[in-house]
Structure formats: C-alpha cells, structure tokens
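Okay, so here's the structure we're looking at.
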Amino acid sequence: MELDLGPELRSFRDEIRTFLSEHRIEQLAGVDPLAGFAGQAEEDSENRAEAWRQWEAALASERLICPQWPSEVGGRGLSGVEMAVLNEEFDRDGMPRVMRGMGESLVGPSIIVHGTDEQRAHFLPRIIDGTDRYCQGFSEPDHGSDLAGVETRGVVDGDEMVVTGQKVWTSGAHLANTIFTLCRTDPDVPKHRGLSYVLIPMTRADGSSNGIELQPLRQMSGASGFCQEFIEGARAPLFNVIGGLHNGWRVAMTTLGNERGGRATTMHLRYEREFWDLVDEARKQSSHTDPLVRQDLAWAYTQVEIMRYSGLRLLATLAAKREPGPEASINKLFWSEYHKRFGNIAVNLVGAQGMIRPEGPGYRTDRWQQAFLGSRAGTIFSGTSEIQHNIIGERALGLPKEPVVG
Ligand SMILES: Cc1cc2nc3c(=O)[nH]c(=O)nc-3n(C[C@H](O)[C@H](O)[C@H](O)COP(=O)(O)OP(=O)(O)OC[C@H]3O[C@@H](n4cnc5c(N)ncnc54)[C@H](O)[C@@H]3O)c2cc1C
C-alpha cells in the first residue's frame, strides 16, 4: 500500500524515483549499508569501493547525505514524513542510502540542538563528507542502564579535557576516528549534574596514540562488532565539549531519544522482506503445510503488520507536525522483542541444519543463525526491554515510580 500524502509529497516521491532511475548503480543493488556490524561476509567490498564513491558523490550533489539535517548545516531539512518517503523509495529500488552511522543519527542531531554555531560549522560537514566516523562511548562495566552513574573522569587542563576511565560495548569503535563520551567532570554534585559530553579523537593529529587502548570483543554470533576501551589521559580540546561543561546529561538525552526513535516509520520494510524469505524457506523445506509452522508464520506476519501500522501512526503524527510521544520506547520494545522470537521461529523451521555453520573461513553464520543469535542484542542495546517498560510505565502511563532498593 502506498499512502497518498498530498501533492507536495507526491512530487517529492517522483523526484526521488527519478533520481534513483537516473543514478542507479547495479553493482550496489541489495547492499546492506549496515552489514558490517553483523559481521557478514564482505569479500567483494574492494570491487565495490569505486562504485560506492560514485554513489556517494551522486547523493552528495543532491544533498541526500544526512538529508534530515537542516539546510543551514548541509542537509536538506527533510521532514519526518519526507524521510519516510525517501527510505521507502530507496528500499523499493533496492539501493542503499549512504548513511554516516552514529555521526548522522546520534552525534549530529545532538550538536545541532546543543552545539554553538562554531561547533556546528566545524563538526557537521566532517560527518557529511565522511571525514569523522563516530562511536558511542557511554556504557561502562558497571554503568549501562544506570548511565548517569558513569565513572570515567574528565579533568580540565588549560584548553583541553583530559579523560581517564573505561568504556565497554562500543559498537564500531575499531572503525571510528572519534568517540563521543559521557564523562564525570564534577564529582561533587548529584550524579546527573556533573557530566560532560566530549568528542575525543581516537588518535592524535600526528597519528600517535591518544591514550585509548582498544580491545575487540567477540559476540556469540562470531562477529566482533564492538570493543572495550581503556582510556588513560586521552586529550580533547575544550571546543569538543558539546552543550557546555557539566551539561552532558541533557545532550545525552537528545542522543538517546534519537537512538530509540530510529527508523520506526519504515522499520517494517526490512522485517517484511525477511518474513517472506522465511516463507520461501518453509516452502523449500515442505514444512509450509505443517500447522505449527503456519501458526508461527501467522504470528510473525501479524507482528510485522502491527509494525507497519505503528509506522503509519507515527507518520500521521509527524505529518500533523506533532512531537512523537513515548512511541520511541514502544517501537524499540516491539521490534526488538519481535525479532528475538522471529529468530527462534526461523531456526526451529530450518531444524537440525540450523546447528551447522556454513563452510568457509572464520566463524560463519547463515542468515537464520544470524537472526537467532544477533536478535538477542536488540533487547539490550539502546536501553534494555526492562528499561523501556519502565519508561512506558512511568512516563507514558503515569504509573508510580519504580521503588529504589536501599
Ligand atoms: C550489540 C550491542 C551493542 C552496544 N553498543 C553500544 C555502544 O555503541 N555504545 C555504548 O555506550 N553501549 C553500547 N551497548 C551497551 C548497552 O547500552 C548496554 O548493554 C545496556 O544499556 C545495558 O547495560 P548493561 O549491559 O550494563 O546491563 P545492566 O544495566 O547491568 O542490566 C542488567 C540487567 O538488569 C536489568 N535492569 C537494570 N536496571 C534496571 C531497572 N532500573 N529496572 C529493571 N531492570 C533493570 C537490565 O534490563 C538487564 O536485564 C551495546 C550493547 C549491545 C548488546
């Protein structure tokens, strides 16, 4: 179903369709720009590098990289509804969007809201052109859900911040050149008030160590998409403190709001494709007539449809220029719990084959094994399911606050 969202959006949809038909690069069709984290095979990535550069240039010329950012900072100022149309068209055409990871989705929006004009002018173009690649240094060994308790210390030394501590579960740290961290700069005030949001270069300008030692962590899927960092006296200019000294909590809340909201309006597209691929798999295995398999598939289908309708509801909210409410937590909880159960259904459906890894070097997994193992992470990152339940209970439903033990 394609929504009729009025003449302006129809003409925007046509513009994107024309762009895609004129610039389509066959070699990139079907490439998942997020595949790296899942550890999927990247054998032909070298061959695709040139095609990717051409595709980036075509998108950049139309300001279609970070297009949701305001035009004053290099984006196109696309609204939430326009972004949904854009994502839908790219998805329909099978072409990948060029996305700048956490720079685009987390740090950029936080700098746009909390940065100074000078910070916006310096940091944002470097995200758009791919110069700076960010990773998120929030979680620590003892502070994940309890983010406000972070212990990594930041001390002002002249016009620099000197940071010491440990961060963990940092997705893509091995691919990033800058880590955005939350660190404690005033230990003598209540915990939410003594934090600063600092962008720390992973290495010094001359390429030498900036006191950040990376240690890759392996996931149970076999991929190694994240690291822990031992930080000893890493230096960042005070210019890299976003939102002002000791004001990091507010900035971090903007970051987390963006992280949980995600691409809720088009989330169902990915899961819909995956669902129909599993139906094909069932047909191949001749299990599609088994009543229990049919029951599982029917459940999955209804969940994807619910996601689609939630996406439409969010679109309607955005089209009416209303701020989304607790949808971010509801959507995050819904897709992550769905996908975990879908992973179970998929490996049950493929049966004993699901226990045998594919041939080839390294710790390979096929897509159903990947869905089963990888989906476990979804209910943990960006705030666990329990934390989302708390947010929905307390902030959306107005239930009494969770009792604090001790
Ligand atoms: C794949 C993946 C990628 C990640 N990437 C990043 C990243 O890039 N950067 C980053 O900073 N972090 C990242 N994380 C870390 C993630 O944010 C934390 O794992 C998460 O916030 C939970 O924190 P924790 O692991 O310390 O668990 P804890 O906070 O110790 O929680 C343990 C258990 O207790 C429950 N719990 C905790 N507090 C409450 C409460 N108040 N009420 C009810 N139950 C509660 C939790 O739900 C959980 O089940 C990633 C995690 C994963 C799995």
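Cβ-Cβ contacts under 7 Å between residues 6 or more apart (or on different chains), taken from a first residue in the stretch 220-231 that is at pLDDT 95 or above to a second residue that is assigned to a loop (DSSP other than H, G, I, E, B), are listed as Ile231/Thr152; Ile231/Gly211. Only one entry of Gly144, Gly137, Gly108 meets the criterion of being within 15 Å of Met253 (Cα to Cα), crowded, with 17+ Cβ neighbours inside 10 Å and away from the ligand (no atom under 14 Å from the Cβ), and that entry is Gly108.
Per-residue answers, yes or no, for (1) buried (at least 16 other Cβ atoms within 10 Å of the Cβ); (2) more than 16 Å from the ligand (Cβ to nearest atom):
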{"residue": "Lys340", "(1), (2)": "yes, no"}
{"residue": "Gly343", "(1), (2)": "yes, no"}
{"residue": "Glu359", "(1), (2)": "no, yes"}
{"residue": "Arg376", "(1), (2)": "no, no"}
{"residue": "Gln388", "(1), (2)": "yes, no"}
{"residue": "Gly398", "(1), (2)": "no, yes"}
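Considering the stretch 147-164, and only residues there that are at negative phi and not in a strand (DSSP E or B), the residue that is farthest from the ligand (Cβ to nearest atom) turns out to be Asp159. Scanning the stretch 91-100 for residues that are open to solvent by 20 Å² or more (accessible area, probe 1.4 Å), within 16 Å of the ligand (Cβ to nearest atom) and within 22 Å of the chain's Cα centre (by Cα) turns up at least one hit.
Looking at the stretch 294-406, what helices (runs of 4 or more DSSP H) fall wholly within it and have at least 3 residues that are closer than 17 Å to Tyr271 by Cβ and modelled with pLDDT of 90 or more? Don't jump to the end; show me each part of the working.
Working: elements: 327-350, 367-378, 385-391.
The helices (runs of 4 or more DSSP H) meeting that bar are 327-350, 367-378.
Pairs are defined by a Cβ separation below 8 Å, a sequence spacing of at least 6 or placement on different chains, a first member in the stretch 374-403 that is over 30 Å from Tyr363 (Cα atoms) and among the charged types (D, E, K, R), and a second member that is modelled with pLDDT of 90 or more and within 8 Å of the ligand (Cβ to nearest atom); the pairs so defined are Glu386/Ser145; Glu402/Asn390. The residues listed here are Thr178, Thr185, Thr152, Thr164; of these, the one that is surrounded by 15 or more Cβ atoms within 10 Å (Cβ to Cβ), under 10 Å from Glu229 (Cβ atoms) and modelled with pLDDT of 95 or more is Thr152.
Scanning the stretch 167-181 for residues that are more than 9 Å from the ligand (Cβ to nearest atom) and outside any strand (DSSP E or B) turns up His174, Leu175, Ala176, Asn177. The set of residues in the stretch 188-214 being more than 13 Å from Arg153 (Cα to Cα), open to solvent by 70 Å² or more (accessible area, probe 1.4 Å) and assigned to a loop (DSSP other than H, G, I, E, B) consists of Pro190, Arg204, Ala205, Asp206. Just one of (1) open to solvent by 10 Å² or more (accessible area, probe 1.4 Å); (2) of a type outside the set (Phe, Trp, Tyr); (3) in a strand (DSSP E or B) fails for Ile231. It is (1). Restricted to the stretch 198-228, and to residues there that are under 20 Å from Asp132 (Cβ atoms) and touching a Leu at 6+ places or on another chain (Cβ under 6 Å), the residue that is farthest from the ligand (Cβ to nearest atom) is Cys227. Taking every residue in the stretch 78-107 that is farther than 15 Å from Ala264 by Cβ and pairing it with any residue that is among the hydroxyl-bearing types (Ser, Thr, Tyr), at least 6 positions away or on another chain, the pairs with Cβ-Cβ distances below 6 Å are Met102/Tyr134; Gly103/Tyr134; Leu106/Thr255; Val107/Tyr134.
The values are calculated or read from the model by the stated rules, or taken from the named source; none is laboratory data. Note that the structure is predicted; figures quoted are calculated from it, not measured. Neighbour counts are summed over all protein chains in view; Cβ atoms, including those assigned to glycine, are modelled from backbone coordinates with ideal geometry. In case anyone asks, the SASA skips ligands and DNA or RNA and just uses the protein heavy atoms, side chains included. Shrake-Rupley method; radii C 1.70, N 1.55, O 1.52, S 1.80 Å.
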